[in-house]
Amino acid sequence: MAFLIKNFSPVGGNAKRGDVSSLFTYRTADAEAVVVASGYFNSISSILSVGDQINIIVVDAPDAPTSQSDYINGYVLTNASGVVDIAAMTIV
């Protein structure tokens, strides 16, 4: 599956970015290996900066979830020329 912008959202006061990292949340049915692969978040490279955190919730159905199978803390490692790479710390 591909990244879906409708399942991605800033958390808290991220609309006023400043010089600090931002926090986002994303819900998907994609497996961790897919989500953390280089380029998964390329379509929003203009939104993300190095150091930003993405809380990724893996569910059975993003639009109407009934179960969660994974929770991933993703951190933007690089964002250059439209290519976004993240690192992940998984919490099960």
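Numbers at a glance
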read-out: Gain in span if fully extended, Ser21 to Val83, counting 0.36 nm per residue against the direct Cα distance; value: 20.5 nm
read-out: Contact order normalised by residue count of the chain, Cα under 8 Å, 6+ apart, percent; value: 27 percent
read-out: Under-5 Å amide H pairs with Val84, H placed in peptide plane, nonlocal only; value: Gly39, Phe41, Asn42
read-out: Highest average packing first - 75-83, 44-52, Cβ atoms within 10 Å; value: 44-52, 75-83
read-out: Other-chain or far-sequence residues with amide H under 5 Å of Ala29's (modelled H); value: Val59
read-out: Amide proton proximity set for Asn55, modelled H, under 5 Å, gap of 5+; value: Phe24, Thr25, Tyr26, Gly74
read-out: Simple Cβ-charge dipole of the chain, Lys/Arg +1 and Asp/Glu -1, about Cα centre, in debye nearest 20; value: 300 debye
read-out: FRET efficiency, Ser46 to Asn73 (Cβ-Cβ, R0 22 Å, nearest 0.05); value: 0.50
read-out: Per-residue SASA entry for Asp30, accessible area with 1.4 Å probe, Å² rounded to 10; value: 10 Å²
read-out: Per-residue ³J(HN,Hα) for segment 31-47, Karplus 6.51 cos²θ - 1.76 cosθ + 1.60, θ = phi - 60°, Hz, x for Gly and Pro; value: 5, 3, 4, 6, 5, 8, 5, 3, x, 4, 9, 4, 5, 10, 4, 6, 8
read-out: Of Ile56, Gly39, Val76, farthest towards positive along the dipole that unit charges on Lys, Arg, Asp, Glu beta carbons give segment 24-92; value: Val76
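The values are calculated or read from the model by the stated rules, or taken from the named source; none is laboratory data. Source: prediction; values computed, not measured. We place every Cβ from the backbone using ideal geometry, glycine too, and count neighbours over all the protein chains shown. These accessible areas exclude ligands, DNA and RNA; they are computed on the full protein's heavy atoms, side chains included. Shrake-Rupley method; radii C 1.70, N 1.55, O 1.52, S 1.80 Å.
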